[in-house]
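Heads up, the thing below is written out as structure tokens.
The values are calculated or read from the model by the stated rules, or taken from the named source; none is laboratory data. Quick caveat: nothing in here was measured; it's all calculated off a predicted structure. Please note: Cβ atoms are built from the backbone with ideal geometry, for glycine as well, and neighbour counts cover all protein chains shown.
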Amino acid sequence: MDPFTLQLPKSRLPEVGTNIFSIMTALAQKYGAINLAQGFPDFPPDEDLIGYAMEALQGNGNQYAPMSGYPDLKHQIALLTETLYGYKPDPETDITITSGATEAITDAILALTSPGDEVILLEPCYDSYIPAIRLAGAIPIPVALNTDDYSVNWEAVQQAITAKTRFIIINSPHNPTGAAWTIKDIHKLRELVKHTHILILSDEVYEHICFLPEGHQSILKYPDLAERAIVVSSFGKTFHVTGWKVGYCIAPPNLTMEFRKVHQFVTFSTAHPLQQALAKKLQHQSNIQSLSGDFCHKRDFFLDQMKNSKFRPLPCNGTYFQLMSFADIPQFAEFPDTQVANILTEEFGVATIPVSVFYNSPIDNKVLRFCFAKKEETLERAAQRLCKI
């Protein structure tokens with residue numbers, strides 16, 4: 001027998017396993033639980049958008065799109081950005097269509113960090129940030145948000161900055177907490193990066209789902225920040241088509257040039273018929289700015305259904321996620337949030353996400369994330385089960 005045994009190379013991501021969204025969705029399917037875990041709607045997208053996609057599939061949209069994106073879609077994005085934020089990016093040099101926001105985030109980090117660079121991120125955070133940083137050979141520098149309302153601890157961010165800091169990653173409205181940046185936060189960031197070479201990676205995929213009276217504070221509203229920023233957005237959240245995986249980034253030409261060097265070798269281009277459909281949808285779209293009101297209603301409906309439960313809601317100013325504390329529920333208070341999430345799925349038929357998994361080193365504040373981007377009947381059924389606890 002040949003004694004040779006193939007030795008595999010050392011893992012680039014030794015601590016990474018199956019992500020929590022896949023785990024909890026599989027558990028929900030196994031136990032027939034209502035899935036308030038993974039962030040996707042259970043209601044259909046707009047019929048017009050589906051019709052536009054079918055037209056594109058039956059037409060000339062089935063070959064490669066241009067690497068940087070379908071021109072009409074980039075043009076519509078530029079117009080929308082100008083309408084919302086008073087900033088009109090150049091479709092040719094500033095906008096790149098990507099296969100989802102996660103690809104855009106990874107491309108930006110791979111393109112603009114070098115081994116040994118430091119990247120500050122605010123925890124809890126979306127689970128793709130740290131693996132992308134490590135794949136680039138850079139060093140993640142987590143800074144915990146304040147635990148009472150998940151606002152930014154600006155003193156801690158200041159202390160985390162060193163001569164090696166390359167990026168600060170921000171996310172507003174924030175997944176998983178539902179927090180949203182205020183104008184005061186923007187001014188703090190402006191002061192912090194002024195006269196530095198620090199770049200900003202701004203994850204704004206929930207930009208159209210912000211419940212603050214002053215609205216979403218996009219980095220693109222502020223020229224001094226926009227000149228050093230890559231801003232990432234997503235059509236999946238805006239048009240309820242998370243499975244399409246179509247996102248985009250806006251950045252000045254010098255950053256876009258480096259970004260596209262990576263993008264062209266990761267996906268090259270994103271599904272052409274979907275881009276054509278989205279371009280046509282944007283051309284005829286008039287209700288993007290009503291999206292916040294629609295989801296604010298869903299949040300309020302869910303909270304009203306949960307008012308007789310023992311769960312305590314935390315502030316939610318955006319996204320479609322509501323955090324709930326179980327610290328005051330005696331039979332759960334001694335358990336970690338990961339175990340409570342399993343109990344809710346297996347015994348009570350409602351799947352959630354434990355917030356501790358969004359930290360590099362898990363911090364358990366006895367909080368679970370519930371997705372309210374669901375039909376009212378779905379939220380009502382889930383609440384009925386949770387109120388029995």
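Being surrounded by fewer than 13 Cβ atoms within 10 Å (Cβ to Cβ) and outside any helix (DSSP H, G or I) is the filter; apply it to the range 277-297 and report the residue that is nearest to the chain's Cα centre (by Cα).
The residue in question is 287.
Would you confirm whether any residue within the range 314-325 is among the polar types (S, T, N, Q), closer than 21 Å to residue 211 by Cβ and part of a loop (DSSP other than H, G, I, E, B)?
Start the filter on the range 314-325 by keeping residues that are among the polar types (S, T, N, Q), which leaves 317, 319, 322, 325.
Add one more test, that the residue is closer than 21 Å to residue 211 by Cβ, and what stays is 317, 319, 322, 325.
Narrowing further to those that are part of a loop (DSSP other than H, G, I, E, B): 317, 319.
Yes, because at least one residue in the range 314-325 is among the polar types (S, T, N, Q), closer than 21 Å to residue 211 by Cβ and part of a loop (DSSP other than H, G, I, E, B).
Answer yes or no: is there a residue in the range 86-94 that is closer than 16 Å to residue 239 by Cβ, touching a Lys or Arg at 6+ places or on another chain (Cβ under 9 Å) and not small (Gly, Ala, Ser).
no
Residue under question is residue 83, and the condition is that it be surrounded by fewer than 17 Cβ atoms within 10 Å (Cβ to Cβ), closer than 21 Å to residue 233 by Cα and not charged (D, E, K, R); does it hold? Talk me through it step by step, then tell me what you get.
Details: surrounded by fewer than 17 Cβ atoms within 10 Å (Cβ to Cβ): yes; closer than 21 Å to residue 233 by Cα: yes; not charged (D, E, K, R): yes.
Against the criterion (surrounded by fewer than 17 Cβ atoms within 10 Å (Cβ to Cβ), closer than 21 Å to residue 233 by Cα and not charged (D, E, K, R)), residue 83 qualifies.
Any residue in the range 140-160 that is in the same structural domain as residue 172 (by TED's automatic domain parsing) sitting within a Cβ distance under 6 Å of a residue that is small (Gly, Ala, Ser) and surrounded by 12 or more Cβ atoms within 10 Å (Cβ to Cβ)? List the pairs, counting only those 6 or more apart or interchain.
If the second residue must be small (Gly, Ala, Ser) and surrounded by 12 or more Cβ atoms within 10 Å (Cβ to Cβ), the pairs left are 141/160; 143/156; 143/160; 150/179.
Is there a residue in the range 42-51 that is of a type outside the set (Gly, Ala, Ser) and touching a strand residue (DSSP E or B) at 6+ places or on another chain (Cβ under 9 Å)? Write out each step before concluding.
Step one: of the range 42-51, the residues of a type outside the set (Gly, Ala, Ser) are 42-50.
Still in the list and also touching a strand residue (DSSP E or B) at 6+ places or on another chain (Cβ under 9 Å): 42.
Looking for residues that are of a type outside the set (Gly, Ala, Ser) and touching a strand residue (DSSP E or B) at 6+ places or on another chain (Cβ under 9 Å), one finds at least one in the range 42-51, hence yes.
Tell me yes or no: at least one residue of the range 308-321 is free of Cβ contacts under 8 Å to residues at least 24 places away in the same chain and either among the charged types (D, E, K, R) or more than 19 Å from residue 176 (Cβ to Cβ) (or both).
Taking every residue of the range 308-321 in turn, at least one turns out to be free of Cβ contacts under 8 Å to residues at least 24 places away in the same chain and either among the charged types (D, E, K, R) or more than 19 Å from residue 176 (Cβ to Cβ) (or both).
Can you confirm whether residue 199 is over 26 Å from residue 313 (Cα atoms) and within 22 Å of the chain's Cα centre (by Cα)?
Against the criterion (over 26 Å from residue 313 (Cα atoms) and within 22 Å of the chain's Cα centre (by Cα)), residue 199 qualifies.
Which is surrounded by fewer than 21 Cβ atoms within 10 Å (Cβ to Cβ), in contact with a helix residue (DSSP H, G or I) (Cβ under 7 Å, 6 or more places away or on another chain) and not in a strand (DSSP E or B), of 107, 148, 127?
127
Does the range 332-369 hold any residues that are over 20 Å from the mean Cα position of the chain (by Cα), part of a helix (DSSP H, G or I), buried (at least 16 other Cβ atoms within 10 Å of the Cβ) and in contact (Cβ under 8 Å) with a residue 40 or more places away in the chain, and which are they?
341, 342, 344, 345, 348, listed by residue number.
With the structure loaded, tell me whether residue 94 is crowded, with 21+ Cβ neighbours inside 10 Å and in the same structural domain as residue 261 (by TED's automatic domain parsing) or whether it fails that test.
yes
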